[in-house]
Each structure stands twice: as structure tokens, then as C-alpha cells.
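Below you'll find the structure, written out as C-alpha cells, and then a few comments.
The values are calculated or read from the model by the stated rules, or taken from the named source; none is laboratory data. Because the structure is a prediction, the values reported are computed rather than measured. Virtual Cβ from ideal backbone geometry, glycine too; neighbours counted across all protein chains shown. Areas reflect the complete protein model, heavy atoms only, side chains present, ligands, DNA and RNA absent. Shrake-Rupley method; radii C 1.70, N 1.55, O 1.52, S 1.80 Å.
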Number of protein chains: 2
Amino acid sequence: MPLIINTDATSLLSEPSTPNLSTEAPGFACPLPLPAGDRILLGHGSGGKLSAKLVRQIFLPALGNPVLNRLEDQAIVHLKDSRLAITTDSFVVKPLFFKGGDIGSLAVHGTINDLAMGGAKPLWLTAAFILEEGLPIETVRRIAASMQQAAANAGVPIITGDTKVVEKGSADGVFINTTGIGLVPEGLFLSAEQARPGDVILVSGMLGDHGIAILAEREGLRFETEIQSDSAALNTLVACLLDAAQEVR
Amino acid sequence: MPLIINTDATSLLSEPSTPNLSTEAPGFACPLPLPAGDRILLGHGSGGKLSAKLVRQIFLPALGNPVLNRLEDQAIVHLKDSRLAITTDSFVVKPLFFKGGDIGSLAVHGTINDLAMGGAKPLWLTAAFILEEGLPIETVRRIAASMQQAAANAGVPIITGDTKVVEKGSADGVFINTTGIGLVPEGLFLSAEQARPGDVILVSGMLGDHGIAILAEREGLRFETEIQSDSAALNTLVACLLDAAQEVR
């Protein structure tokens, strides 16, 4: 039976979202440095073992409840006879614009895909901007236009938002949070937890394109062929897949 | 007929959320400086005229749709026979801890109150953290504990979250986004737009306490009596009020 996973690669650099804790067996030797002097390290946001530790040691003891404890990329809750999927993600990608996309399209695609990976039909998005004082207005305009195009292409409207401005030096240009709300069809249960030995993994494209595109831009790397981010909304693809292959889990 | 407005005062310094554009009549002389060289100024996040301009000139042309265009603090959408209220807010308050609260409790209260001001019963919150490299883990622990206490007191669980870490100097300690989802009772329509000349305004407490508490902390001001932030979740108060006074709008 196939397992569907998100290979949109946005998680590599800009979406280290809730990690799967099950790889951290007790006594397992951790190859990553432990937090020096109990301070936040960049690795705490990487989606790897340090992130898992932060979630397990700080956030879950404080905030844990049956829905949050599942640690999926989206929470599934019930409202009357509807099953809602809810997900949130902040986007802090650098540079803001890269080959194949920008922070705006990425913020729309990433959250839509977190819903789609739970089998949810995305219904609405929220968008919250933290802008750094001194940022060119034109940059905000380009990012907003890109978000709108991404949202329109995916058929998911942005219905509410928020803008904060912080002093120059207090943020890195633009941070965007998008929160997504979707509807999960009755009887559908997709989850990374349902992966079993022997499962076939369906991938939606080349692995790593988005990550390499960002790194290349950031470090000024050149390749013989141009590598573009493959950031895209996968909700339509997932819907087609679920129609065609009922046994996807 | 009385009008209910949110005087929880969190909007003064840390929640300059979607502004009311109706005060900007054409030709109205703007006392605030215009953007110098088309760059983001701190005032663009203040919730005042510059914020209104940014929303009207940049965000609405790009992202506008019938729900977003209403520019209320919460979007109301329909799902089958339910009316949902959805709101998002980022919290960038400095200092992180102040008399009467901290960024964590404020992030919970602010979003719950944005829902309550639309008459919605808050159901769920999401929490997304942007942490600065080097931040003491203990600070994260204190903030998470405070969020949990605020959420538990208000009876609204945090059901999904996200953590990003940015390089030292790329953010100011901690930014928190909370998004809230609530249920609006059938037939209830609360909105700032429904204010009419002659309305009586109900206030929930002293005006300005939160703002003064933050400013005092930031600037090292001392007063004869200690002024504390009155940050609090008002959902229960609003529910009681709606029960007692049907004509509130």
C-alpha cells in the first residue's frame, strides 16, 4: 500500500515544522551538539533532533493536549458534523526572492500543502506579516502580489490578516505566518503515522530542488543547469490522487 | 443601544491590527509623515493612518476579496450550517515580560478577544514562534507556561504550532503569532461598523493600563502607584454580556 508524503521540499530550509519524534528512541546517540548553556540554537528550528527536543521538553509539557500531542503538521478537530484540519507555519526564508518563487508564494504553498498532506481540502488562509522598518514598500507589493497569485491558483482565499512593523535591526526584512483551515472528508485518515514497512512512497517531484535553489541563491553557487524551487500547491494533485487510489494512506 | 468595544488596550502597543479605514475621508489632511522614499516606517504597524494606507494601497489591491475587504478584526465565514470567526495576530511586544503579563499571555488574550469582539465563542488557537538564536531556553519555557495558563483560564486549547529559529540579530528575541477560530451564534452580528451616533459605549476596564505598563517598563518610568497591564481574556465577560443585554451590537 502506498504512503503519500510531502516532497515539495519546502520543509528543507524554510519549514522545519513539527518534527516526528518517533525517531528519538531512548538512549539513541544524538550526533548533533546539545544546547550550549541552554540557549536557542539555529538547530532548534531545523526540524531535526534539536527541534524535537525543544518540542518535547518545552512545548509539550507546557501546552500539551490530545490534539497537539499528535504532532502532525495539521491538527484535526471536529465541528458539529465537520472534520476541520488546521495548520500554522511561519516563513523566514532568506533571500526573500529566489528562482522559482519567493517568501509569499512559499507561505501560501507550504500551508496549503500541510493541509493537503492530511487529506484536507484547503478552504481559507490567514496571512500575518512582520515587516522590518526601512523595507521598500515595493518589496511588500511584490510579495503580496505573489501570494495572491499562489492563492488564486490554488483556489484558496486569504480571508484575514495582520501587519506589524518592528524597528530596523529587530527582524530580517519580512517574516510571514500563514494559518490554513481545511475540510477533511469523512472516513479519510492520512498520516505519516500510518506508514508501514513495505509501503511504497509516492513523491511529487525531484527531491531537493527547493533547498538547492535557496542555498545557491544564498551562497552565490552556480550550476551548469539552473535549479529552480519547485514550490507549488499540491492540493489539486492530492485530490486527484485520492480519487484515483483509495488505498493511499 | 449600547455598542461594545474592546478596551483591553492590547491594541495600543502590540496589536495594531486591521485599522478602520472609514476615518480617512478623501482630502482629509493627514497629520502623520508620509512614507519617506517609499519605505516601511514604524508607523505602518501602528494601527493608525499609515497602517490604513498600507492596507488600502498595497494589501487590499493585491489580496482583496469579499471577506478580507470587510477589514474587521476577525473574518466570518460559513461552513455548512456553522458560522466561523477566524482571526490572526502577531505579537512583537518589547519587553517580553512586563507587569501584569508577558508576550505569551498577551498573544493568547489578544486573539481570543478579537474573536469575542465579533461575538464568537473561541474554540481553538494555533501558536507559531519565531525565536532568535541565543535566546535562553528558560525564556521559552516561561512564555509557554504563561500561554498555557492563559489558554486554560479562557478554556481555549492550543491545538497546533510551529517553531522557527532565526540567526542572532535577525529577530528580537521572540515573536509569536496566534490564530484563533471561533463559532458565531446564529443571528448574532457584532461589528464596529454597527456603531451609530448616540450609542452608549461599554468599556471593560480602565483605558490605557496595558499601554502605560509597557511604556513604563520600556522607558524605566516610575509612578506613585504601580500600573499593571490589564491584559485578560474577555470571552466569558462578552458571553455574559450578550446573555444579559440582547441589544448590544
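I want to confirm something. Restricting to the range B:148-201 and keeping residues that are hydroxyl-bearing (Ser, Thr, Tyr) and part of a loop (DSSP other than H, G, I, E, B), which single residue is surrounded by the most Cβ atoms within 10 Å (Cβ to Cβ)?
B:170
Counting only residues that are more than 7 Å from chain B (Cβ to nearest Cβ) and among the aliphatic types (A, V, I, L, M), which one in the range A:148-172 is farthest from the chain's Cα centre (by Cα)?
That would be A:152.
Is the range A:52-70 home to any residue that is of a type in the set (S, T, N, Q) and either open to solvent by less than 10 Å² (accessible area, probe 1.4 Å) or in contact with a Phe, Trp or Tyr (Cβ under 6 Å, 6 or more places away or on another chain) (or both)?
no
Please determine whether any residue of the range B:50-67 is within 16 Å of residue A:181 (Cα to Cα), in contact with a strand residue (DSSP E or B) (Cβ under 6 Å, 6 or more places away or on another chain) and without any contact (Cβ under 8 Å) to a residue 12 or more places away in the chain.
Taking every residue of the range B:50-67 in turn, at least one turns out to be within 16 Å of residue A:181 (Cα to Cα), in contact with a strand residue (DSSP E or B) (Cβ under 6 Å, 6 or more places away or on another chain) and without any contact (Cβ under 8 Å) to a residue 12 or more places away in the chain.
Mind checking which residues of the range A:117-147 are part of a strand (DSSP E or B) and either within 25 Å of residue B:176 (Cβ to Cβ) or more than 7 Å from every other protein chain (Cβ to nearest Cβ) (or both)?
Selection gives A:121, A:122, A:123, A:124, A:125, A:126, A:127, A:128, A:129, A:130, A:131, A:132.
Does the range B:208-226 include one or more residues that are surrounded by 12 or more Cβ atoms within 10 Å (Cβ to Cβ) and in contact with a helix residue (DSSP H, G or I) (Cβ under 6 Å, 6 or more places away or on another chain)?
no
Among the residues of the range A:51-66, count how many are closer than 29 Å to residue A:210 by Cβ and facing chain B (nearest Cβ under 9 Å).
The number of residues fulfilling the criteria is 5.
Could you grab the pairs with beta carbons closer than 9 Å, sequence gap of 6+ or different chains, first residue in the range A:79-106 and in contact (Cβ under 8 Å) with a residue 40 or more places away in the chain and at the interface with chain B (Cβ under 9 Å from one of its Cβ atoms), second one of a type in the set (Asp, Glu) and part of a strand (DSSP E or B)?
Close Cβ pairs satisfying both conditions: A:87/B:162; A:88/B:162; A:89/B:162; A:90/B:162.
Whether any residue in the range B:230-248 is without any contact (Cβ under 8 Å) to a residue 40 or more places away in the chain, open to solvent by 50 Å² or more (accessible area, probe 1.4 Å) and among the β-branched types (Val, Ile, Thr) is what I want to check.
Checked the range B:230-248: no residue is without any contact (Cβ under 8 Å) to a residue 40 or more places away in the chain, open to solvent by 50 Å² or more (accessible area, probe 1.4 Å) and among the β-branched types (Val, Ile, Thr).
With the requirement that a residue be assigned to a strand (DSSP E or B) and under 20 Å from residue A:187 (Cβ atoms), what does the range A:66-88 give you?
Selection gives A:75, A:76, A:77, A:78, A:79, A:82, A:83, A:84, A:85, A:86.
Within the range B:79-112, which residues are polar (S, T, N, Q) and either more than 19 Å from residue A:178 (Cβ to Cβ) or in contact with a helix residue (DSSP H, G or I) (Cβ under 7 Å, 6 or more places away or on another chain) (or both)?
Scanning the range B:79-112 gives B:82, B:87, B:105.
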